[in-house]
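A quick write-up on the structure given underneath.
The values are calculated or read from the model by the stated rules, or taken from the named source; none is laboratory data. Model, not experiment: these values are computed from the prediction. FYI the Cβ positions are ideal-geometry reconstructions off the backbone, even for glycines, and counts take in every protein chain you see. Only protein heavy atoms, including side chains, enter the accessible area calculation; ligands, DNA and RNA are left aside. Shrake-Rupley method; radii C 1.70, N 1.55, O 1.52, S 1.80 Å.
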Amino acid sequence: MDYLQLGRSDMRVSRICFGTWAFGGWWWGKSDDDESIEAIHAALDAGINFFDTADIYGGGRSESVVARGLEGQSDVYIATKGAVLFDDKWMTGVSNEKAYLKRACEASLKRLKREVIDLYQIHWPDNKTPVSEPMEALMELQKEGKIRYGGLSNFGIRDLEVALDTARYESIQPLYNLLHREIEAEVLPFCDENEIGVLAYSPLASGLLTGKFDSQSQFPEGDHRRDHPDFTEEAFQRNLRIIDQLKEFAEKRECTVTQLSVSWVLAQPGLTCAICGARNAMQLDEIVEAVDYPLSQAEVDRINHIASSTE
Ligand SMILES: NC(=O)c1ccc[n+]([C@@H]2O[C@H](COP(=O)([O-])OP(=O)(O)OC[C@H]3O[C@@H](n4cnc5c(N)ncnc54)[C@H](OP(=O)(O)O)[C@@H]3O)[C@@H](O)[C@H]2O)c1
């Protein structure tokens with residue numbers, strides 16, 4: 001495993017961060033806690049020391065599973081997120097209000113069974129509270145010793161700039177993969193200039209870039225991919241054509257499309273980690289090997305060419 005410093009923090013995190021959204025069950029159909037815990041243990045065996053969760057993932061279930069899987073481990077970093085409101089069945093809104101975020105952080109601490117959260121991230125903007133308010137929440141939580149560092153997820157460039165005027169944060173967590181490269185224009189240069197870590201989520205486009213789906217694939221009730229634009233209609237057909245070409249390229253290179261896609265994310269300048277989701281140890285083992293297959297610049301160029309084809 002390779003490790004990098006996260007922003008200006010004292011954390012040296014594995015370049016594969018284990019994303020545990022699916023462990024919560026919501027949006028992913030079913031999940032099995034024993035299988036999830038086994039995957040966490042496989043991650044530890046592979047040298048992964050960084051785990052990403054959120055309170056909304058299964059309404060606290062993912063955080064509780066992460067706590068069980070990491071019980072007794074002291075040399076690992078846990079990143080969680082708050083801001084999405086939920087009841088015992090589903091999400092009910094988003095809030096960036098300070099009082100709410102501080103309560104949410106306390107609840108995450110309890111579920112994670114930790115005295116301090118290594119990285120606490122504001123999950124989504126609520127599009128009404130000025131960004132200075134969640135930043136003040138992060139500052140206060142840090143002063144109170146409840147979090148070590150703060151981060152932002154899904155915020156646009158203007159908010160990221162304004163947020164930095166209020167308080168230092170060490171990471172952002174945006175969507176980034178071969179099919180979604182929006183952050184390259186402004187967000188990545190901003191983070192580079194300000195030494196802010198970048199944790200790319202959905203590096204496999206929620207499984208699409210594993211190459212295991214085809215035009216007949218169907219998703220069960222409760223699986224968010226059933227209605228996801230990447231998996232429906234014309235975009236899906238176009239994505240499948242890109243993936244066919246990636247498969248050919250991966251075969252020549254003697255790796256899998258999964259590994260090629262994760263290696264591509266890790267090869268991008270300014271990227272600290274790829275937050276990879278896996279339902280079980282077997283999926284994770286395949287992902288982890290991507291670290292052993294660094295891409296040359298010529299290979300990155302070739303993959304860029306394939307991914308930008310619209311035919
Ligand atoms: N901040 C945010 O708003 C946000 C949003 C999304 C994600 N995230 C974070 O990023 C993490 C990863 O994102 P993600 O879960 O959307 O997507 P991902 O890493 O792009 O894809 C993960 C999914 O792909 C499938 N998969 C993975 N490895 C595989 C393998 N070797 N063979 C076959 N299938 C495989 C599994 O689903 P199936 O087996 O069901 O196909 C797995 O759950 C999340 O867990 C979460 O921590 C954050």
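Tabulated results
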item	result
Sole residue being surrounded by fewer than 21 Cβ atoms within 10 Å (Cβ to Cβ), acidic (Asp, Glu) and at pLDDT 95 or above, chosen from GLU286, GLU233	GLU286
Test: THR80 is out of contact with any Cys (no Cβ under 9 Å at 6 or more places or on another chain) and polar (S, T, N, Q)	no
Some residue of region 238-245 being surrounded by 13 or more Cβ atoms within 10 Å (Cβ to Cβ) and in a loop (DSSP other than H, G, I, E, B)	no
Region 13-34, subset open to solvent by less than 10 Å² (accessible area, probe 1.4 Å) and part of a loop (DSSP other than H, G, I, E, B), residue farthest from ALA205 (Cα to Cα)	GLY25
Options ILE37, ILE48: the member that is among the aliphatic types (A, V, I, L, M), part of a loop (DSSP other than H, G, I, E, B) and under 20 Å from the mean Cα position of the chain (by Cα)	ILE48
Top-ranked residue of region 51-96 - restricted to ones that are away from the ligand (no atom under 14 Å from the Cβ), in a loop (DSSP other than H, G, I, E, B) and small (Gly, Ala, Ser), ranked as modelled with the lowest pLDDT	SER74
Single match in LEU152, LEU101, LEU109 (criterion: farther than 29 Å from ALA281 by Cβ, in a helix (DSSP H, G or I) and in contact (Cβ under 8 Å) with a residue 24 or more places away in the chain)	LEU101
Hits in region 195-216 (condition: in contact (Cβ under 8 Å) with a residue 12 or more places away in the chain, more than 7 Å from the ligand (Cβ to nearest atom) and open to solvent by 20 Å² or more (accessible area, probe 1.4 Å))	GLU195, PHE213, ASP214, SER215
Output for region 1-12, where each listed residue is over 17 Å from GLN283 (Cα atoms) and open to solvent by 40 Å² or more (accessible area, probe 1.4 Å)	ASP2, TYR3, LEU4, GLN5, ARG8, ASP10, ARG12
Residue match in region 174-183 (condition: within 14 Å of the ligand (Cβ to nearest atom), at pLDDT 95 or above, open to solvent by 70 Å² or more (accessible area, probe 1.4 Å) and assigned to a loop (DSSP other than H, G, I, E, B))	no
